[in-house]
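Single-structure report; data block below.
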Amino acid sequence: MCVGDNGNGARLAVRARAGGRKNALGGEYNGALKIEVTAAPERGKANRAIAALIAETCRLPASAVTLLQGETSRDKIFQLTGIDADTARERLKMKVKS
(Lines give C-alpha, C1' and ligand atoms only; values in the text may rest on other atoms or scores of the structure.)
Protein backbone atom coordinates (compact mmCIF):
# COMPACT_ATOMS: atom_id res chain seq x y z
CA MET A 1 0.00 0.00 0.00
CA CYS A 2 1.47 3.32 -1.06
CA VAL A 3 1.54 5.49 2.06
CA GLY A 4 4.44 7.89 2.33
CA ASP A 5 5.57 10.52 4.80
CA ASN A 6 5.93 14.16 3.91
CA GLY A 7 6.47 17.26 6.01
CA ASN A 8 2.81 17.57 7.10
CA GLY A 9 1.80 13.95 7.62
CA ALA A 10 1.22 11.14 5.15
CA ARG A 11 0.20 10.81 1.52
CA LEU A 12 -2.03 7.96 0.42
CA ALA A 13 -2.43 6.64 -3.12
CA VAL A 14 -6.00 5.45 -3.81
CA ARG A 15 -7.70 3.54 -6.63
CA ALA A 16 -11.35 4.62 -6.38
CA ARG A 17 -14.56 2.87 -7.36
CA ALA A 18 -17.61 5.12 -7.11
CA GLY A 19 -21.20 3.89 -7.26
CA GLY A 20 -20.36 0.60 -5.53
CA ARG A 21 -22.51 -1.59 -3.33
CA LYS A 22 -20.88 -0.50 -0.07
CA ASN A 23 -18.25 1.75 1.45
CA ALA A 24 -15.16 -0.41 1.95
CA LEU A 25 -11.39 -0.62 1.76
CA GLY A 26 -10.41 -3.43 -0.56
CA GLY A 27 -6.74 -4.36 -0.79
CA GLU A 28 -4.15 -3.08 -3.24
CA TYR A 29 -4.10 -2.20 -6.92
CA ASN A 30 -0.69 -1.32 -8.39
CA GLY A 31 0.50 -0.06 -5.00
CA ALA A 32 -2.63 2.01 -4.30
CA LEU A 33 -5.34 1.26 -1.75
CA LYS A 34 -8.60 0.25 -3.45
CA ILE A 35 -11.60 2.07 -1.98
CA GLU A 36 -15.21 1.49 -2.97
CA VAL A 37 -17.95 3.97 -2.07
CA THR A 38 -21.68 4.05 -2.76
CA ALA A 39 -21.65 7.74 -3.67
CA ALA A 40 -22.04 8.66 -7.32
CA PRO A 41 -19.04 10.09 -9.19
CA GLU A 42 -20.68 13.47 -9.70
CA ARG A 43 -19.90 16.94 -8.35
CA GLY A 44 -17.29 15.56 -5.93
CA LYS A 45 -19.69 13.31 -3.99
CA ALA A 46 -17.49 10.22 -4.34
CA ASN A 47 -14.32 12.15 -3.47
CA ARG A 48 -15.96 13.44 -0.28
CA ALA A 49 -17.16 9.93 0.62
CA ILE A 50 -13.66 8.51 0.08
CA ALA A 51 -12.10 11.25 2.21
CA ALA A 52 -14.66 10.63 4.97
CA LEU A 53 -13.97 6.87 4.91
CA ILE A 54 -10.21 7.47 5.12
CA ALA A 55 -10.68 9.94 8.00
CA GLU A 56 -12.91 7.53 9.92
CA THR A 57 -10.56 4.60 9.38
CA CYS A 58 -7.44 6.55 10.38
CA ARG A 59 -9.28 8.19 13.31
CA LEU A 60 -8.74 11.70 11.97
CA PRO A 61 -11.07 14.68 11.70
CA ALA A 62 -12.56 15.06 8.22
CA SER A 63 -10.63 18.30 7.77
CA ALA A 64 -7.33 16.37 8.06
CA VAL A 65 -7.91 14.49 4.78
CA THR A 66 -7.42 16.49 1.57
CA LEU A 67 -7.53 15.41 -2.06
CA LEU A 68 -4.29 16.53 -3.72
CA GLN A 69 -4.51 14.86 -7.10
CA GLY A 70 -7.04 13.03 -9.26
CA GLU A 71 -10.29 14.92 -8.78
CA THR A 72 -11.87 13.29 -11.86
CA SER A 73 -9.66 10.20 -12.08
CA ARG A 74 -9.94 6.80 -10.42
CA ASP A 75 -6.31 7.19 -9.30
CA LYS A 76 -6.05 9.73 -6.49
CA ILE A 77 -3.56 11.05 -3.94
CA PHE A 78 -4.82 12.16 -0.51
CA GLN A 79 -2.93 14.16 2.11
CA LEU A 80 -3.47 12.95 5.69
CA THR A 81 -2.47 15.70 8.13
CA GLY A 82 -1.58 14.92 11.73
CA ILE A 83 -0.60 11.26 11.26
CA ASP A 84 2.61 9.56 10.16
CA ALA A 85 2.76 7.01 7.35
CA ASP A 86 3.37 4.00 9.62
CA THR A 87 0.36 4.74 11.82
CA ALA A 88 -1.87 5.42 8.81
CA ARG A 89 -0.73 2.19 7.12
CA GLU A 90 -1.41 0.17 10.29
CA ARG A 91 -4.91 1.61 10.78
CA LEU A 92 -5.83 1.15 7.12
CA LYS A 93 -4.56 -2.45 6.99
CA MET A 94 -6.74 -3.34 9.99
CA LYS A 95 -9.87 -2.37 7.98
CA VAL A 96 -8.98 -3.80 4.57
CA LYS A 97 -11.43 -6.52 3.56
CA SER A 98 -9.84 -9.84 2.70
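The values are calculated or read from the model by the stated rules, or taken from the named source; none is laboratory data. Since this is a predicted model, take the numbers as computed values, not measurements. Here Cβ is always computed from backbone atoms with ideal geometry, including for glycine, and neighbour counts include all displayed protein chains.
Values for this structure:
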{"item": "Test for Ala51: is it out of contact with any Lys or Arg (no Cβ under 8 Å at 6 or more places or on another chain), of a type in the set (A, V, I, L, M, F, W, C), exposed (fewer than 15 other Cβ atoms within 10 Å of the Cβ) and closer than 17 Å to Gly9 by Cβ", "result": "no"}
{"item": "Residues that are modelled with pLDDT under 90 and of a type in the set (Gly, Ala, Ser), drawn from segment 72-98", "result": "Ser98"}
{"item": "Close pairs from segment 67-84: first within 15 Å of Arg48 (Cβ to Cβ) and of a type outside the set (S, T, N, Q), partner part of a loop (DSSP other than H, G, I, E, B) and modelled with pLDDT of 95 or more, Cβ under 6 Å, at least 6 apart", "result": "Lys76/Gly70"}
{"item": "Restricting segment 56-66 to residues that are hydrophobic (A, V, I, L, M, F, W, C), touching a residue at least 12 places away in the same chain (Cβ under 8 Å) and farther than 13 Å from Val3 by Cα, the residue that is surrounded by the most Cβ atoms within 10 Å (Cβ to Cβ)", "result": "Val65"}
{"item": "The one condition in (1) over 13 Å from the mean Cα position of the chain (by Cα); (2) at pLDDT 95 or above that Asn47 fails to fulfil", "result": "(1)"}
{"item": "Selected residue (only one of Glu56, Glu36, Glu28 is over 13 Å from Val14 (Cα atoms) and either within 10 Å of the chain's Cα centre (by Cα) or charged (D, E, K, R) (or both))", "result": "Glu56"}
{"item": "Failed item, numbered, when Ala52 is tested on (1) over 14 Å from Val3 (Cα atoms); (2) touching a Phe, Trp or Tyr at 6+ places or on another chain (Cβ under 6 Å)", "result": "(2)"}
{"item": "Odd one out for Ile83, checked against (1) more than 13 Å from Arg15 (Cα to Cα); (2) of a type outside the set (Gly, Ala, Ser); (3) out of contact with any Leu (no Cβ under 9 Å at 6 or more places or on another chain)", "result": "(3)"}
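Table: residues versus (1) part of a helix (DSSP H, G or I); (2) more than 16 Å from Lys45 (Cα to Cα); (3) not polar (S, T, N, Q).
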site	(1), (2), (3)
Glu56	yes, yes, yes
Leu67	no, no, yes
Glu71	no, no, yes
Lys76	no, no, yes
Leu80	no, yes, yes
Ile83	no, yes, yes
Thr87	yes, yes, no
Leu92	yes, yes, yes
